[in-house]
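Notes to accompany the following structure.
The values are calculated or read from the model by the stated rules, or taken from the named source; none is laboratory data. For clarity, every value in this text was computed on a predicted model and none was experimentally measured. Positions of Cβ are backbone-derived with ideal geometry, glycine not excepted, and every protein chain shown enters the neighbour counts. With ligands, DNA and RNA removed, areas are computed over all heavy atoms of the protein, side chains included. Shrake-Rupley method; radii C 1.70, N 1.55, O 1.52, S 1.80 Å.
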Amino acid sequence: MRRQHVRKLIGFLALLLFPATIFYMSPYLSVRGAAMGVVTGSVLFFCLLFLSALFLRRAHCGWTCIATGVHEAGLFYITRKVGMRSRILKYVIWTPWFISMVTLFAINGIKRIDPLAATTNGLSVTDLHGYVILYFILGLIIALAFSVGKRSFCHHVCWMAPFLVMGDKVGRALRIPSLHLEPSKDKCNGCGLCAEICPMSLPVREMVAAGDMRHTDCILCGECTDICKRGAIGYRFG
């Protein structure tokens with residue numbers, strides 16, 4: 001369980017740094033920059049997410065995302081599961097935004113790269129406007145968790161998850177060695193603790209029984225690995 005303490009601490013630190021880093025995750029600034037031919041820090045960050053997923057799949061979501069700090073370090077007592085079918089909503093949000101950004105870059109070209117665009121000496125939140133955006137996003141994450149279920153923001157709203165999912169899929173298609181979970185179904189006794197503790201509400205027990213842990217919503221948090229006393233799930237790289 002020490003690994004889980006470390007993971008949640010990293011997520012909490014990411015949350016504490018959110019006032020400084022929020023603009024590097026901004027979909028609005030990426031489109032605004034594209035309209036001027038400027039590659040902003042958020043565009044660079046989204047590219048980094050995609051590239052990281054080639055080798056680490058969705059580990060960012062489970063280890064270094066602010067959602068880990070909010071949900072698992074703060075709202076850990078929320079146990080309500082989220083349905084799998086509704087996860088398509090985030091693609092409804094992501095698709096028109098991504099197409100708009102790519103189209104604007106195609107029209108205007110890339111005139112310069114400015115990682116610090118719209119920040120103050122690299123810091124995101126320095127005025128009232130920034131704090132309004134900050135608290136709106138945090139409030140949305142918390143409100144969705146209470147009203148819909150744990151990690152609902154990740155399932156339904158997150159505009160960064162599709163970059164990681166695409167990177168994951170491309171990595172698999174190219175057979176790039178990557179971090180993943182691997183089941184040993186002969187060790188599983190079907191207790192179901194893994195599915196109960198999964199923060200993404202995944203059917204982990206069925207995945208182990210099928211001998212296949214591949215799922216685009218798996219964030220490689222390792223909760224299922226650490227809860228299993230029989231070692232039926234483990235981290236692998238390859």
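Structure data summary
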quantity	calculated
All positions within segment 146-175 that are more than 21 Å from residue 27 (Cβ to Cβ) and open to solvent by less than 40 Å² (accessible area, probe 1.4 Å)	149, 150, 171
Selection count, segment 2-57, where residues are surrounded by fewer than 18 Cβ atoms within 10 Å (Cβ to Cβ) and on the phi > 0 side of the Ramachandran plot	1
Residue under evaluation residue 100, criteria (1) farther than 20 Å from residue 49 by Cβ; (2) open to solvent by 40 Å² or more (accessible area, probe 1.4 Å); (3) out of contact with any Ser or Thr (no Cβ under 7 Å at 6 or more places or on another chain), criterion not met	(1)
Residues that are of a type outside the set (Ser, Thr, Tyr), open to solvent by 40 Å² or more (accessible area, probe 1.4 Å) and farther than 16 Å from residue 94 by Cβ, drawn from segment 120-145	121, 123, 127, 128, 129, 132, 133, 136, 142, 143
Residue that is nearest to residue 141 (Cα to Cα), among those in segment 57-95 that are of a type in the set (Val, Ile, Thr) and part of a helix (DSSP H, G or I)	70
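For (1) open to solvent by 20 Å² or more (accessible area, probe 1.4 Å); (2) closer than 27 Å to residue 235 by Cβ; (3) small (Gly, Ala, Ser), each residue gets a yes or a no:
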position	(1), (2), (3)
69	no, yes, yes
77	yes, yes, no
84	yes, yes, no
96	yes, no, no
105	yes, no, no
